Every structure is written in C-alpha cells, then in structure tokens.
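Peer 1: Here you go, one structure.
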Amino acid sequence: MTLLNVTPAPAPTASKPGRLHRVRPFLPLVALVVLAILPYSTITLPGIFEGPVNSPGTLQLLAICLIFGGLAAGYDLLFGRTGMLSFGHALYFAAGVYGTDVLVTRAGLPLWQAALLTVTGGTILAALLGAVALRTVGIAFAMVTLAFAQVGAILVARDFGGLTGGEEGLPLDVSGLPAGLVGVTNTVNLYWLALAYLTLVVFVVHRVSGSPTGRVLAGLRDDERRIGVLGLDPYRYKLVAFTLAGGLASAGGVVYVLIVGGASPHITSSELTLSLLVMVVLGGPGTRWGPVLGGVLYMYLDHRLTAFGTSDAVDNLPAVLSRPLSQPLFVLGTVFILAVYFFPGGLASLSSRLTPLARSLRPRPPH
Amino acid sequence: MGTVILLALTGLGLAALYFLVASGLSLVFGLADVLNFAHGLFLGVGAYGTWWAAGNLPGAGPDGFGFVLAVAFGVAAGTLVAILVELVLIRPLYSRTIEQVLVTVGLSLAGVALLQATWGADARPFPRPDWTRQVTGILGAQVPNGGLLLIIAAVLVLGAILAFLRWTRYGLVIRAGVENREMVTALGIDVRKAFTLVFAIGGAAAALAGALGGVYFGTVSPGQGGSLLIFAFIVVVIGGMGSVVGSAYAAVVVGLVQQFVNYYGTSGLGDICVVGLLAVVLLLRPQGIAGKVATA
C-alpha cells in the first residue's frame with residue numbers, strides 16, 4: 001500500500017568525532033536530570049513563562065506539555081513507525097481520562113485501583129477495536145478509527161447513565177486522592193509524574209522499535225506485502241502496535257486527569273487526534289525525539305499563543321492581521337501546512353538539513 | 001402513521017445533507033485518492049458566503065429572488081475556494097497521498113479558525129425566506145419546508161452529477177479515471193484537469209449543503225462542517241468510495257437509521273447505530289455497497 005509509505009526521516013548525519021560525539025549518548029539523561037531539578041529553580045523567563053519557573057501555573061503548563069510529548073511519542077508508534085494513519089487515538093486518551101475520573105469520583109475507588117483498572121480497560125478497548133479496524137487498510141482504516149472515536153465522543157457528550165457529566169465535564173473528586181497529589185502547592189509532584197510518564201513512553205517506544213518486533217513494524221511501514229511474503233502476519237504485528245499505543249495513551253489520560261483536575265468533553269473530539277498528528281509531523285515522524293519535541297512545542301504554543309493573541313502587540317495590528325493571529329489553531333494550522341511542504345522530516349531533520357547550508361556558507365581556507 | 005412519515009421525511013432531509021457533502025468527497029477520493037478533510041471548510045464557506053451576501057450584496061436578500069442570488073454567491077465562493085485549494089495546495093503534492101491528507105488536515109484546522117476569527121465562534125441566525133420556516137402537510141404529517149427544500153436540491157444535484165458523468169466528455173474521463181487512473185494518463189489525457197473539475201463540483205455541492213443546511217438549522221457556526229463531515233465520511237465508506245449512486249443509497253440509509261433510532265431509542269443512540277452499521281459493512285463487504293466504480 002503506497003498510501004501509508006511515510007518517508008522515514010533521513011538518518012542523522014554522522015556528527016564530528018570529538019567531545020560532543022562521546023557525550024551524545026548521555027544527552028537524554030542530562031536532559032532528564034535538568035527537567036527533574038527544574039522545579040527547584042526560581043528563574044523568571046519573561047515572555048516565555050508568566051512567573052518564575054517553579055510557580056504552580058508554569059509547572060502545570062510544563063506538565064501538560066510533557067504529557068502531550070509522551071502522547072505524541074506513543075502516537076508515533078502507530079503513524080511514524082508502523083505507518084498506520086489512525087484518526088481515533090483521542091479515544092484511548094479519553095478512556096484514560098474519563099475512566100479514572102468516573103471510577104474515582106462516581107465509584108469512590110482509591111486512585112491506584114482506578115488507575116490500574118483504567119489502563120487495563122483502555123488496553124483491552126484498543127485491542128478489541130483494533131481487531132475490527134485493522135480488517136481494513138489505508139484510508140478506510142483512518143475513517144473507521146475516526147468513526148469509533150466519534151462513538152466515544154457521543155457517549156461522553158450524551159451522558160448515558162449520568163456518568164460523564166455531559167457537556168459540562170466531570171470535575172475530579174479529590175477527597176479520596178493521596179494528599180501529595182492534591183492542591184496547588186503539590187503541583188510539583190504532578191510535574192514529576194508527567195515527566196515519569198514521558199520517560200516511560202520514550203523508553204517503551206525506544207525498546208519496542210529496537211526489538212525484532214520493531215523491525216517488523218518498520219517493514220510494515222515500508223512494504224507491507226513483503227512482510228507477508230516473508231511469512232509474518234501483518235495483522236498481528238499491527239494489532240500489537242495498536243494495542244500498545246492505546247494502552248500508553250490511556251496511561252497518559254490517567255496522569256492528565258490528575259494534572260487538570262477533571263475531564264471535559266473536548267478531549268474526546270477528533271480535533272485532539274488531528275493535533276496529535278500535527279505534533280508528530282511537526283516534530284518528525286519515526287524519530288526518537290521528534291514527536292516528543294513536537295508535542296511539547298505544540299501544547300506550549302497552543303497555550304501561549306492565546307496569551308500572545310490578546311497581547312497589545314497583536315491588538316495594535318490592523319484587524320485583518322490581528323484577528324487570525326488571535327486564533328492559535330490558525331497559526332498552528334498554517335505552520336503545519338508550511339512544514340508539510342518545506343520540512344517534511346519535521347524538527348528532527350532540521351540539523352541534517354541546515355548542516356550542508358552552514359558548511360557551504362563557511363568561508364573556505366585559502367590554499 | 002403521521003409520526004413515521006414525519007420521521008421518514010426529516011430523515012431524508014438529513015440524508016440529502018449528507019449526500020451533498022459525501023458526493024464530492026466520494027468523487028475526489030475515487031479519482032485522486034485524497035481524503036479531503038478540508039471539505040467541511042467548503043461547506044462553511046458556502047454557509048458564510050450566503051449569510052454575508054444576504055446582508056451585504058446589492059440585490060441579494062433573505063427572501064425571494066434575492067435569496068437565490070445569495071445562495072448562488074455562497075456556492076460560487078465555495079467553488080472558488082475549492083478550486084484554489086486544489087490548484088495551490090493539492091496539485092504540487094500530486095501522487096503523494098499522505099502529504100495531501102496532512103495538508104487538508106492543516107487546512108481544516110486553519111480554515112475553521114479563520115472563519116471563527118472573522119465572524120466569531122457563536123452561531124449566527126441565518127437569513128431564510130419565510131416559507132422555509134413553515135410546514136407542509138403531507139399524509140397527515142407536518143413536514144418543515146427547509147427539509148423538503150434539501151431533499152429537492154439533493155435529488156437535482158444527484159441528477160445533474162449523473163447526467164454530467166454519463167453524457168459529457170469530462171464525465172467520461174472522470175469515470176475512467178476512478179476505475180484506472182494510470183490507463184487514462186497513458187492514453188494522453190491530462191487527469192489533473194479532471195482533478196480540478198472534481199474539486200470544483202465537490203466544493204459547489206458542499207457549499208450548497210452549507211447554504212441549505214443553514215436554512216434547515218436556522219443558524220450558521222464555524223464548526224458546523226466538522227460534525228457533518230464525520231457522518232459524510234461514514235456515508236462515503238458505506239456507499240463505496242468513488243461511487244455517487246452508492247453515496248446516495250448510503251446517505252438515505254444513514255439518515256433514516258439515525259432519525260428513527262434517535263426518536264424511538266435514546267437520543268444519540270442513532271449516531272452509534274450508524275457507526276455499528278459502518279463496522280458491519282466493513283467486515284462483510286469492505287469495498288462498500290458499490291465498490292470503487294463510478295456508476296452513472
């Protein structure tokens with residue numbers, strides 16, 4: 001199926017042998033440590049964050065960004081690494097959010113039980129729906145997953161059985177939660193939780209894509225018929241990837257509901273899946289750090305562009321410019337279209353694209 | 001009895017709306033393999049174009065001939081946007097389907113945001129002739145005229161598209177292209193002109209759906225296209241991609257199922273039944289009712 005032949009991002013050009021080369025494998029670890037100790041700093045970054053880095057508002061924004069970095073990395077397991085264009089990934093995230101919320105708020109279960117049940121349930125849901133949806137390939141698969149996700153959105157919005165709170169959403173009942181996860185002063189713990197989730201997803205995706213299964217998945221992306229000819233069953237491998245990605249997304253939902261403190265129906269919408277797709281493509285599909293970067297950046301821009309849109313600098317522009325600029329989705333959608341045209345490999349391919357340019361600009365030594 | 005007839009006719013009105021959106025989607029997908037997420041944008045442009053023309057265009061208005069002029073303006077605007085999208089955004093990515101889908105996704109996000117930025121997120125009252133607010137008694141059922149208007153329009157559009165596909169040279173090219181694009185190209189025919197044409201037809205039908213949908217619902221809002229689009233996708237898959245007649249059958253089935261189950265069951269159950277229907281069709285007959293054949 002040529003339809004889903006996602007061009008893999010070009011392999012990073014071999015970096016110069018030297019100090020950087022030796023340090024390179026440890027960079028993710030350094031980044032993790034920096035992110036982990038970030039809440040201890042009181043630096044203010046004017047223009048980037050409102051208030052110091054360790055203020056609850058900033059930490060919450062960062063935590064949401066990290067969650068979506070993890071979600072995008074999980075979605076990339078489907079889109080970038082296996083070549084499955086699913087338009088229903090929001091469903092499993094929403095299953096995580098609403099599952100936890102309903103079990104804690106309506107059923108009064110302790111958090112760990114609710115989380116365990118939700119992640120198990122989300123994974124089973126992904127396995128069942130994936131088993132049906134994967135009977136189709138390509139665009140039909142995209143539409144079927146979209147339709148399944150739409151059922152989820154309808155179920156939540158129509159509020160069957162009075163469980164989900166319908167259009168108004170369902171605030172999380174915090175009375176039964178561990179004290180360390182409740183209250184504005186404990187936002188830092190939620191931040192660490194989000195960081196742990198991101199680390200988990202990146203680790204899982206990395207291990208899976210390095211394993212023999214991961215190589216089969218890459219093969220499915222590049223040429224599904226050939227995998228079939230080799231005697232492997234494409235259906236099973238795709239179902240494994242779909243189930244795993246669904247389970248990771250529902251785990252993300254569990255953390256997200258704690259950070260936001262409730263569930264609202266907009267997370268079930270197909271727009272969320274579309275924005276996951278935008279994140280992955282902006283970051284670079286099929287790369288290790290691209291989707292994470294894309295997810296973090298997208299969520300950050302989505303939040304900050306709203307503030308930017310109402311700032312004086314934009315308001316003083318003529319109405320023709322200021323009105324579209326005050327819509328984050330307009331800016332992000334336009335950037336996305338431009339990225340599809342001019343940076344097909346996303347952010348992750350920027351360095352390999354810019355290096356030749358920089359090299360050609362450097363003055364040559366005289367002979 | 002009256003209730004059944006009322007439900008059947010309102011269901012057909014809904015089906016007409018789905019068909020107007022789905023026919024263009026289906027042709028575009030059948031010919032160019034583009035899953036067009038921006039189709040909801042064409043619908044929005046048609047609705048807002050009509051709304052704007054009724055208030056601002058000299059000679060146009062909410063009633064009589066002025067309303068026809070307003071709808072014509074909306075349809076022209078939708079068609080123009082569709083042609084521009086094809087020429088500027090889709091054509092450079094010819095035969096790279098995944099990028100084309102991504103571009104239409106970006107376009108649907110940015111376009112709806114642009115509509116929202118220009119006219120606000122809230123629903124606006126739609127200018128409509130007085131007679132569309134009234135009802136007609138048919139076999140003891142009081143049927144809203146707006147729905148009847150939609151049904152008539154959809155039947156006319158169906159007839160026009162079929163006649164075009166059947167009796168014109170470009171219709172022949174499109175039918176052949178849906179069946180085997182490479183062969184048509186090999187015969188020395190520029191299929192890309194047919195792509196533009198199909199986009200224009202689809203854009204016009206979607207814009208008409210936007211304008212008449214505005215009459216039917218009485219309001220117009222930026223997100224209207226998106227929610228209709230998902231059901232239009234379902235109609236396209238059930239009907240078989242590339243088949244206009246299949247889309248028509250599927251639209252009728254989907255519209256009726258939705259209306260009847262939503263009335264006799266719980267509200268919202270009909271929407272879920274439609275998705276169940278989709279799953280059943282895909283498992284039993286993955287190519288849809290009519291398969292990938294542009295029947296005329």
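The values are calculated or read from the model by the stated rules, or taken from the named source; none is laboratory data. All of these numbers come straight from a predicted model, not from anything done at the bench. Positions of Cβ are generated from backbone atoms using ideal geometry, with glycine treated the same way; all protein chains shown enter the neighbour counts.
Peer 1: If you take the residues in segment B:53-75 that are closer than 15 Å to residue B:129 by Cα and among the aromatic types (Phe, Trp, Tyr), which one is surrounded by the most Cβ atoms within 10 Å (Cβ to Cβ)?
Peer 2: B:67
Peer 1: Test of understanding: among B:31, B:9, which residue is part of a helix (DSSP H, G or I) and surrounded by fewer than 24 Cβ atoms within 10 Å (Cβ to Cβ)?
Peer 2: The conditions single out B:9.
Peer 1: Looking only at segment A:153-175, count how many residues are more than 10 Å from chain B (Cβ to nearest Cβ), at positive phi and in contact with a helix residue (DSSP H, G or I) (Cβ under 7 Å, 6 or more places away or on another chain).
Peer 2: Looking only at that region, the number is 2.
Peer 1: Is it the case, given these coordinates, that residue B:178 is in contact with a strand residue (DSSP E or B) (Cβ under 6 Å, 6 or more places away or on another chain), at pLDDT below 85 and crowded, with 20+ Cβ neighbours inside 10 Å?
Peer 2: Values: in contact with a strand residue (DSSP E or B) (Cβ under 6 Å, 6 or more places away or on another chain): no; at pLDDT below 85: yes; crowded, with 20+ Cβ neighbours inside 10 Å: yes.
No; evaluated as a whole, the condition is false for this residue.
Peer 1: Next up: Test of understanding: among A:221, A:225, A:207, which residue is at pLDDT 90 or above and among the basic types (Lys, Arg)?
Peer 2: Exactly one residue qualifies, and that residue is A:207.
Peer 1: I would also like to ask the following. Return the only residue of B:78, B:44, B:40, B:49 being more than 28 Å from residue A:146 (Cα to Cα) and either crowded, with 21+ Cβ neighbours inside 10 Å or within 11 Å of chain A (Cβ to nearest Cβ) (or both).
Peer 2: Only one candidate passes the filter, namely B:49.
Peer 1: Same structure again: For a quick check of your reading: which helices (runs of 4 or more DSSP H) sit entirely within segment A:283-367 and have at least 3 residues that are surrounded by 15 or more Cβ atoms within 10 Å (Cβ to Cβ), within 14 Å of chain B (Cβ to nearest Cβ) and modelled with pLDDT of 80 or more?
Peer 2: Answer list for segment A:283-367: A:290-309, A:328-342.
Peer 1: From the list A:276, A:239, which residue is buried (at least 23 other Cβ atoms within 10 Å of the Cβ) and touching a residue at least 24 places away in the same chain (Cβ under 8 Å)?
Peer 2: A:276
Peer 1: Let me ask something else about it. If a residue must be more than 7 Å from every other protein chain (Cβ to nearest Cβ), over 21 Å from the mean Cα position of the chain (by Cα) and among the aliphatic types (A, V, I, L, M), how many such residues does segment B:89-110 contain?
Peer 2: Qualifying residue count, segment B:89-110: 1.
Peer 1: In this structure, is residue A:160 within 21 Å of residue A:266 (Cα to Cα), aromatic (Phe, Trp, Tyr) and without any contact (Cβ under 8 Å) to a residue 12 or more places away in the chain?
Peer 2: Spelling it out, residue A:160 is indeed within 21 Å of residue A:266 (Cα to Cα), aromatic (Phe, Trp, Tyr) and without any contact (Cβ under 8 Å) to a residue 12 or more places away in the chain.
Peer 1: Now, a different point. Within segment B:109-119, can one find any residue that is buried (at least 22 other Cβ atoms within 10 Å of the Cβ) and over 28 Å from residue A:322 (Cβ atoms)?
Peer 2: The answer is no, given that none of the residues of segment B:109-119 is buried (at least 22 other Cβ atoms within 10 Å of the Cβ) and over 28 Å from residue A:322 (Cβ atoms).
Peer 1: Right, here's the next one. Take the conditions in contact with a Ser or Thr (Cβ under 6 Å, 6 or more places away or on another chain), touching a residue at least 40 places away in the same chain (Cβ under 8 Å) and charged (D, E, K, R) and apply them to residue A:173. Does it pass?
Peer 2: When the stated conditions are applied, residue A:173 passes them.
Peer 1: What residue, among those in segment B:248-283 that are small (Gly, Ala, Ser) and farther than 18 Å from residue A:152 by Cβ, is farthest from the other protein chains (Cβ to nearest Cβ)?
Peer 2: Let us first name the residues in segment B:248-283 that are small (Gly, Ala, Ser), namely B:248, B:250-251, B:255, B:265, B:267-268, B:270, B:276, B:279.
Okay, now just the ones that are also farther than 18 Å from residue A:152 by Cβ, so B:248, B:250-251, B:255, B:265.
Details: B:248: 19, B:250: 13, B:251: 15, B:255: 16, B:265: 11 Å.
The qualifying residue farthest from the other protein chains (Cβ to nearest Cβ) is B:248.
Peer 1: Based on what the data block shows, is residue A:129 crowded, with 19+ Cβ neighbours inside 10 Å and either facing chain B (nearest Cβ under 10 Å) or among the hydrophobic types (A, V, I, L, M, F, W, C) (or both)?
Peer 2: yes
Peer 1: Can you tell which of B:117, B:113, B:123 is within 14 Å of another protein chain (Cβ to nearest Cβ), more than 25 Å from residue B:201 (Cβ to Cβ) and within 21 Å of the chain's Cα centre (by Cα)?
Peer 2: Criteria check complete, one pass: B:113.
Peer 1: Quick check on segment B:127-141. Is at least one of its residues over 22 Å from residue B:210 (Cβ atoms), crowded, with 16+ Cβ neighbours inside 10 Å and either modelled with pLDDT under 80 or not β-branched (Val, Ile, Thr) (or both)?
Peer 2: At the first step, the residues of segment B:127-141 found to be over 22 Å from residue B:210 (Cβ atoms) are B:134-141.
Of the ones still in play, those that are also crowded, with 16+ Cβ neighbours inside 10 Å are B:141.
Checking which are either modelled with pLDDT under 80 or not β-branched (Val, Ile, Thr) (or both) leaves us with B:141.
So far as segment B:127-141 goes, yes, one or more of its residues are over 22 Å from residue B:210 (Cβ atoms), crowded, with 16+ Cβ neighbours inside 10 Å and either modelled with pLDDT under 80 or not β-branched (Val, Ile, Thr) (or both).
Peer 1: Against the definition (more than 10 Å from chain A (Cβ to nearest Cβ) and either closer than 24 Å to residue A:129 by Cα or not in a helix (DSSP H, G or I) (or both)), how does residue B:237 come out, yes or no?
Peer 2: no
Peer 1: Residue under question is residue B:168, and the condition is that it be hydroxyl-bearing (Ser, Thr, Tyr), loosely packed, with under 13 Cβ neighbours inside 10 Å and more than 18 Å from the chain's Cα centre (by Cα); does it hold?
Peer 2: The answer is yes for residue B:168.
Peer 1: Is it the case, given these coordinates, that residue B:187 is among the hydrophobic types (A, V, I, L, M, F, W, C), out of contact with any helix residue (DSSP H, G or I) (no Cβ under 8 Å at 6 or more places or on another chain) and modelled with pLDDT of 85 or more?
Peer 2: yes
Peer 1: Starting from residues that are more than 25 Å from the chain's Cα centre (by Cα) and touching a residue at least 12 places away in the same chain (Cβ under 8 Å), keep the ones in segment A:98-108 and report whichever is farthest from residue A:181 (Cα to Cα). If you could, list the steps in order and put the result at the bottom.
Peer 2: Step one: filter segment A:98-108 for residues more than 25 Å from the chain's Cα centre (by Cα), giving A:105-108.
Filter again for touching a residue at least 12 places away in the same chain (Cβ under 8 Å), leaving A:105-106, A:108.
On the way: A:105: 15, A:106: 19, A:108: 16 Å.
Restricting to residues being more than 25 Å from the chain's Cα centre (by Cα) and touching a residue at least 12 places away in the same chain (Cβ under 8 Å), the top hit is A:106.
Peer 1: Being in a helix (DSSP H, G or I), touching a Leu at 6+ places or on another chain (Cβ under 7 Å), aliphatic (A, V, I, L, M) and in contact (Cβ under 8 Å) with a residue 40 or more places away in the chain narrows it down to one residue among A:216, A:188, A:202; which is it? Quick ask: steps written out before the conclusion?
Peer 2: Values: A:216 fails: in contact (Cβ under 8 Å) with a residue 40 or more places away in the chain; A:202 fails: touching a Leu at 6+ places or on another chain (Cβ under 7 Å).
Unique residue meeting the criteria: A:188.
Peer 1: Among (1) surrounded by 18 or more Cβ atoms within 10 Å (Cβ to Cβ); (2) under 17 Å from residue A:61 (Cα atoms), there is one condition residue A:220 misses while meeting the rest; what is its number?
Peer 2: (2)
Peer 1: Please verify whether residue B:251 is in contact (Cβ under 8 Å) with a residue 12 or more places away in the chain and out of contact with any Phe, Trp or Tyr (no Cβ under 8 Å at 6 or more places or on another chain), treating the condition exactly as stated. So that I can check it myself, show each step before the final result.
Peer 2: Numbers: in contact (Cβ under 8 Å) with a residue 12 or more places away in the chain: yes; out of contact with any Phe, Trp or Tyr (no Cβ under 8 Å at 6 or more places or on another chain): no.
Against the criterion (in contact (Cβ under 8 Å) with a residue 12 or more places away in the chain and out of contact with any Phe, Trp or Tyr (no Cβ under 8 Å at 6 or more places or on another chain)), residue B:251 does not qualify.
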